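Asker: The following block contains the structure, expressed as structure tokens.
No lab work stands behind these numbers, since they all come straight from the coordinates. Remember, it's a predicted structure, so these values are computed and weren't measured experimentally. Methodologically, a virtual Cβ is constructed for each residue, glycine included, from the backbone with ideal geometry; neighbour enumeration extends over all protein chains shown.
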Amino acid sequence: MDSINRILEDGHEIELTYQKKRGIVLLRRYNDLLYISGHGPEDQRTGEAIFQGRIGKELTLEEGYQAARECAIIILGVLKDTLGTLDKVKRIVKVFALVNCDNGFNQIDKVMDGFSDTMTEVLEERGYHARTEMGTHNMPNGNIPVEVEVIVQVETP
Amino acid sequence: MSETSKHLEQLGIQLPIRDRKGEGAVDAVIYGDLMYLSGHLPVDLDGKAVYTGKVGVDMDVDQAYQAARLCGLNMLATIKDYIGELDRVDYIVKCLGLVNSGADFSSQPAVMNGFSDLMVEVFGRRGQHARSAMGAYSLPQNVPIVVEAIIRIRP
């Protein structure tokens, strides 16, 4: 298998550091599963939101898609950081996503394709996943537009 | 770059890049003896919403109950599609119901019963499950309910 540590189409390199917050860890391992905490489109070093606002009001569908893509990139960085290489990802199993919506906005699945398209772009067959998404109206950090949690299956040593 | 990739480059072979846009989210993923089911919507065979609207605003509990039941039927179809035979369902483990709720609506469990009742109807005791139900601000295609599940399967 070719190494998957590559650069995405638009020049993002998958590379990241992170901070731990009280009581919360980035992820917990259970056998060959990683339970990854919900991540928003936030700078992982400073905690500053990269995107803020509700989709359908402050942000367009396209910006929501980009925000979801950013979440995928962040989580791929978490995986690369934790495992050393994305080659050790067996597959993305299950995704649960919250999308911050303006009243009347419901193209939540189109927003979340920003996340899913990125996973299959980078991980190909291993990037396909079960997914549930819902619209909400209040999110942390100045109303980030998207938050995604993931369960990932990894190679055991 | 791998040896094979270098070789392809030398041969001047460019592999076609498969466009996976829009298909990353699949209906279910099997992990060992568990099947993780994506949120299932009350849609028809073409994926179009049969029910739309907020419960407590655009529809009452009874209609939403039917929508939840349809989520369940679609989920059973997915399960059968993936494992070939519903006898292979050991039991339903856990479900989460998201109910598109008006501001004052709080009968999400009554709506979710449309799904849970169906599972027990079809599987008997095997259909009983741990469950959470909550109000959502908005759902894809403005459907009234989305249900996801984890089930245990037999070899």
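Asker: No solvent, one uniform scatterer per C-alpha: report log10 I(q)/I(0) for the range B:1-105 via the Debye equation at q = 0.16, 0.17, 0.19 1/Å, two decimals.
Answerer: Those come out to -0.84, -0.90, -1.03, one per q.
Asker: Give or take rounding to whole Å, what are the principal axis extents of the alpha carbon atoms in the range A:37-106, in descending order?
Answerer: 41, 28, 19
Asker: Sort B:Cys71, B:Cys95 so that the residue with the fewest other Cβ atoms within 10 Å of its own Cβ comes first and the one with the most comes last.
Answerer: Numbers: B:Cys71 28, B:Cys95 23.
Listed from fewest to most nearby Cβ atoms, that is B:Cys95, B:Cys71.
Asker: Another question, then. Helix A:61-83: angle to the longest alpha-carbon principal axis of chain A, degrees 0 to 90, nearest 10?
Answerer: Rounded to the nearest ten degrees, it is 30.
Asker: I'd like to know how the protein assembly as shown sits against the 2.2 N^0.38 Å rule of thumb: what's its Cα Rg over that expected value?
Answerer: 1.03
Asker: Next up: Using the alpha-carbon atoms, what tilt in degrees (0 to 90, nearest 10) does helix A:108-123 show relative to the longest principal axis of chain A?
Answerer: Its long axis makes an angle of about 20 degrees.
Asker: Then there is this: Just the projected area, averaged over all directions, of the convex hull on the alpha carbon atoms of the range B:114-155: how many nm²?
Answerer: Result: a mean projected hull area of 4.0 nm².
Asker: How far is it, in nm, from the label point at A:Arg29 to the one at A:Thr156 when both lie 7 Å from their Cα along the line to the Cβ?
Answerer: In this crude label model, A:Arg29 to A:Thr156 measures out at 1.1 nm.
Asker: Here's a follow-up. Percent relative contact order of chain A, based on C-alpha pairs within less than 8 angstrom and at least six residues apart?
Answerer: 34 percent
Asker: Next up: Which one, B:Glu121, B:Glu85, B:Glu23, has the greatest fluctuation when you compute a Gaussian network model over chain B with C-alpha springs under 10 angstrom?
Answerer: B:Glu23
Asker: Right, here's the next one. Quick one: what Rg and Dmax do you get for the range A:43-155 from the alpha carbons, in Å?
Answerer: 13.8, 42
Asker: How high is the relative contact order of the range B:27-153, given as a whole-number percent (alpha carbon pairs under 8 Å, six or more residues apart)?
Answerer: In percent, rounded to a whole number, it is 40.
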